[in-house]
Amino acid sequence: YAPLIVTSTSEKYDEPTIEVFRFSVYGSELVIYGNYPLDATYITIKSKAVNIRALKECGMTAFYDTYISCETLVINSENTAIRSQNCVTVIVSKYCIINSNMDGIATSDSRLTDNHIYLGGRIIINAERFGLSTNNGSIYSKGSPSGNARQLPALEQLHITADEPISAVGVINLRCADAKITATGNDEPAIKGT
């Protein structure tokens, strides 16, 4: 349960700071700093505080599932903050701030049918392109204490500012007590679903 702090000063553009098959952290604090902080097949993070700074590439990329549960989450990324081919689950009890020069949270593999985004807790996303984006999936938060089938807690806060804040090829089912969605793009919808 000691803090895990990993930094990389590699000059290679796409060299990950951490590149593994399965990345699982259960600790008090996780800090990753580098051009491309984290690349793994599976990502599971259960830490009190998570701070990721991506200087050139994505904050984290997973081939399959990404699961993040923490008290505070801060991601500053020059590319997509959280990208997964499959499901992304983000639960933050105190505060989550994601700043991205591309997408906030995105799933991207159109061949898979379970690349959903599940949200719980308190989340703020500032992105240049998409806030939440799925290529062949849905965006869920049932907003009840018992959660949905994946046992999510309620989504208490969702603030998104992006060119196109929410885009899904699937169901958009968000229930939230404090939601603020701001579209900054020219002629782009705030919420787009297919």
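The values are calculated or read from the model by the stated rules, or taken from the named source; none is laboratory data. Quick caveat, the model's predicted, so the values are computed rather than measured. A quick note on method: Cβ atoms are made from the backbone with ideal geometry, for glycine too, and the neighbour counts reach across all protein chains shown. Ligands, DNA and RNA are excluded from the accessible area calculation, which covers all protein heavy atoms including side chains. Shrake-Rupley method; radii C 1.70, N 1.55, O 1.52, S 1.80 Å.
Taking a ≥ b ≥ c as the square roots of the eigenvalues of the Cα gyration tensor of segment 47-95, is the shape rounded (a/c under 1.5), prolate (a/b larger than b/c) or oblate?
Taking the square roots of the gyration eigenvalues as a ≥ b ≥ c, segment 47-95 is oblate.
Which value, in debye to the nearest 20, describes the size of the charge dipole of segment 17-100 about its Cα centre when Lys and Arg Cβ atoms bear +1, Asp and Glu Cβ atoms bear -1, and nothing else is charged?
160 debye
If ligands, DNA and RNA are left out, what is the accessible area of PHE21 with a 1.4 Å probe, given in Å² to the nearest 10?
120 Å²
What's the magnitude of the charge dipole for the chain around its Cα centre, counting Lys and Arg as +1 and Asp and Glu as -1 at the beta-carbon? Answer in Debye, nearest 20.
640 debye
Just by accessible area at a 1.4 angstrom probe, what is the order of TYR140, TYR118 from largest to smallest?
Per-residue accessible area, sorted high to low, gives TYR140, TYR118.
Quick one: what are the phi-derived ³J(HN,Hα) couplings along segment 159-164, Karplus 6.51/-1.76/1.60 with θ = phi - 60°, whole Hz, x for glycine and proline?
For segment 159-164, the Karplus-derived couplings read 10, 10, 10, 6, 3, 10 Hz, x marking Gly and Pro.
Looking at segment 1-82, which GluC sites (Glu not before Pro) are in a loop (DSSP not H, G, I, E or B) and have at most 13 other Cβ atoms within 10 Å?
Here the sparse-neighbourhood loop sites are GLU11.
Would you list THR194, THR182 from the most to the least accessible area, probe 1.4 Å?
THR194, THR182
Give the calculated FRET efficiency between TYR26 and ILE97 to the nearest 0.05, with a Förster radius of 35 Å applied to their Cβ-Cβ distance.
According to the calculation, E is roughly 0.95.
Looking at (i) 16.2; (ii) 19.7; (iii) 18.6, which value of Kirkwood radius over Cα pairs in Å comes from a calculation on the structure shown?
Evaluating Kirkwood radius over Cα pairs in Å on these atoms matches (i).
Please give the solvent-accessible surface of ILE172 in Å², to the nearest 10, using a probe radius of 1.4 Å with every protein chain present.
My reading of the accessible area for ILE172 is about 60 Å².
What's the carbon and sulfur percent of the chain's accessible surface, probe 1.4 angstrom, rounded to a whole number?
Its accessible area is 48 percent carbon and sulfur atoms.
How would VAL169, VAL25 rank on accessible area, largest to smallest, probe 1.4 Å?
Largest to smallest exposure gives the sequence VAL169, VAL25.
Can you bin segment 57-128 into rounded, prolate or oblate? Criterion: square roots of the alpha carbon gyration tensor eigenvalues sorted a ≥ b ≥ c, rounded for a/c under 1.5, prolate for a/b above b/c, oblate for the rest.
Judged from the Cα gyration tensor, segment 57-128 comes out oblate (a/c at least 1.5, b/c at or above a/b).
Expressed in whole Å with the largest first, what are the equivalent ellipsoid semi-axes of segment 1-56 derived from the C-alpha gyration tensor as the square root of 5 times each eigenvalue?
Semi-axes from the Cα gyration tensor: 20, 13, 8 Å.
Can you pull out the trypsin sites (Lys or Arg not before Pro) in segment 1-90 whose DSSP state is coil and whose Cβ has at most 15 other Cβ atoms within 10 Å?
Answer by residue number: LYS12, LYS56.
Where a ≥ b ≥ c are the square roots of the eigenvalues of the C-alpha gyration tensor, would you call segment 9-122 rounded, which needs a/c under 1.5, or, failing that, prolate if a/b is larger than b/c, or oblate?
Rounded is the answer for segment 9-122, as its axis ratio a/c remains below 1.5.
Would you mind calculating the gained length between ARG175 and ASN51 on full extension (0.36 nm times residue separation, minus the Cα-Cα distance), in nm to one decimal?
Length gained between ARG175 and ASN51: 42.0 nm.
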